[in-house]
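Input: a single structure, listed below in structure tokens.
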Amino acid sequence: MYKWLKRGRVIVSLTITVLITLAFLFFSNRDNFFFSSLLKYQFIPALLGVFTGSAIILALLVLMSLLFGRLYCSTICPLGTLQDSVWRFSSLFRSRKNRRFRFSKANTILRYSFLFVAAIPLLFGSSFVISLLDPYSNYGKISSEIISRSEQFIHNILSSVFPDTIFFRSYSQFIAISFFFALFFLLIVIFMSAFRGRLYCNSVCPVGTTLGFISKFSAFRPVINIDNCNKCKLCVSNCKSECIDIENGNIDISRCVTCFNCMTVCKRNAISYKLVWGIKSENEKRVVTGRREALLTMGLLGSFVAARAIGRKSSSIPHESENGIAPPGA
């Protein structure tokens, strides 16, 4: 069953990433295009949408995290799919031994430091800092500044070879600071994901940290059955979040991106994805949180959104943009 769940997750994540990339490449100058609706389901745009009167999408994303953990990070987030692709490609050039992941302790202080640095300016009406760290925004910059320009360059080379069939296309305006930031960010993500998988998600990304906190109270999550586990560490070596502490029989749910890798490779069925609300057993002491804590989490997030929305002046609500699809901060 878990193999089919993993395959389904991979298909969904690749489909969403391809559609978002195509939206940035070919449809950035069209309004109300089908793909533009897909972009609204990215976390930061959904959060910013609350301040303009639309909270439904954010509520759906929070609900999904409360039910299934960080499924958003492994299916909807295009930067997450990019990181997985980089890891898989880079593993082709390494020995089997060097492809293995290891358990690492959570960078809790670092994670929440980045989150607070991004959230505090947002409370005062500035989305500049969070746009520098937001995965969707930065994937948009990579698509617009690097992938799109590369596609234009190749297209125009072909037009010079086949001038009668392929028309020359004018290059979009070049903004040096935007291009080099996108290039710098891409190189950082490639370096981090090539060696440590989802390290960016679990140490820098403010969305990952926020959803990780919410996922601590999720209804469904991977659980280790210590009676079936022989500590072969096969699950650990395939965990791209490096969050499985097999020696203590624990999984750091705040870092788990629900990729189903561990469950797929386990030969003893020692890890299962199950409902844990209201369940307390000898090997599940770490998952004793219940509905009350989940509701508290929703209340805290709602308080943040309400405080931010009330604090805005009505005249500062932005009008609907007539421009094409663009990431926050672009």
Check your understanding: Can you name the residue in the stretch 139-186 that is within 22 Å of the chain's Cα centre (by Cα) and of a type in the set (Gly, Ala, Ser) and, of all such residues, is surrounded by the most Cβ atoms within 10 Å (Cβ to Cβ)?
Key -> GLY140
Check your understanding: Across the stretch 160-200, what is the total count of residues that are part of a helix (DSSP H, G or I) and at pLDDT 85 or above?
Key -> 21
Review point. Quick one: would you say SER113 is assigned to a loop (DSSP other than H, G, I, E, B), surrounded by fewer than 20 Cβ atoms within 10 Å (Cβ to Cβ) and small (Gly, Ala, Ser)?
Key: no
Exercise for review: Could you tell me whether PHE217 is in a loop (DSSP other than H, G, I, E, B) and under 24 Å from the mean Cα position of the chain (by Cα)?
Suggested key: yes
Exercise for review: Please determine, by comparing only the residues of the stretch 231-246 that are part of a helix (DSSP H, G or I) and hydrophobic (A, V, I, L, M, F, W, C), which one is surrounded by the fewest Cβ atoms within 10 Å (Cβ to Cβ).
Suggested key: LEU234
**Study point:** Test: LEU63 is within 22 Å of ILE251 (Cα to Cα), surrounded by fewer than 15 Cβ atoms within 10 Å (Cβ to Cβ) and either in contact with a helix residue (DSSP H, G or I) (Cβ under 8 Å, 6 or more places away or on another chain) or free of Cβ contacts under 8 Å to residues at least 40 places away in the same chain (or both)
**Key:** yes
Practice item. Being small (Gly, Ala, Ser), touching a residue at least 40 places away in the same chain (Cβ under 8 Å), buried (at least 20 other Cβ atoms within 10 Å of the Cβ) and more than 24 Å from LEU66 (Cα to Cα) narrows it down to one of SER193, SER218, SER254, so name that one. Key: SER193
Check your understanding: Going through the stretch 67-90 one residue at a time, which ones are buried (at least 21 other Cβ atoms within 10 Å of the Cβ) and in contact with a strand residue (DSSP E or B) (Cβ under 6 Å, 6 or more places away or on another chain)?
Key -> GLY69
Study note, to complete from the structure: Those residues of the stretch 17-60 that are in a loop (DSSP other than H, G, I, E, B), surrounded by 17 or more Cβ atoms within 10 Å (Cβ to Cβ) and modelled with pLDDT under 75 come to a total of 2
Revision key, fill the gap. All conditions in (1) buried (at least 16 other Cβ atoms within 10 Å of the Cβ); (2) in contact (Cβ under 8 Å) with a residue 24 or more places away in the chain; (3) more than 14 Å from the chain's Cα centre (by Cα) are true of ARG102 except (1)
Check your understanding: Quick check: anything in the stretch 91-99 modelled with pLDDT under 85, surrounded by fewer than 19 Cβ atoms within 10 Å (Cβ to Cβ) and touching a helix residue (DSSP H, G or I) at 6+ places or on another chain (Cβ under 7 Å)?
Key -> yes
Practice item. Determine, yes or no, whether ILE224 is farther than 28 Å from ALA270 by Cα, modelled with pLDDT under 95 and aliphatic (A, V, I, L, M). Key: no
Exercise for review: Hey, could you check the stretch 257-271 for residues that are buried (at least 22 other Cβ atoms within 10 Å of the Cβ), of a type outside the set (S, T, N, Q) and assigned to a loop (DSSP other than H, G, I, E, B) and say which is nearest to the chain's Cα centre (by Cα)?
Suggested key: VAL257
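The values are calculated or read from the model by the stated rules, or taken from the named source; none is laboratory data. Note that the structure is predicted; figures quoted are calculated from it, not measured. Every residue, glycine among them, receives a Cβ derived from its backbone with ideal geometry; neighbour counts consider all protein chains shown.
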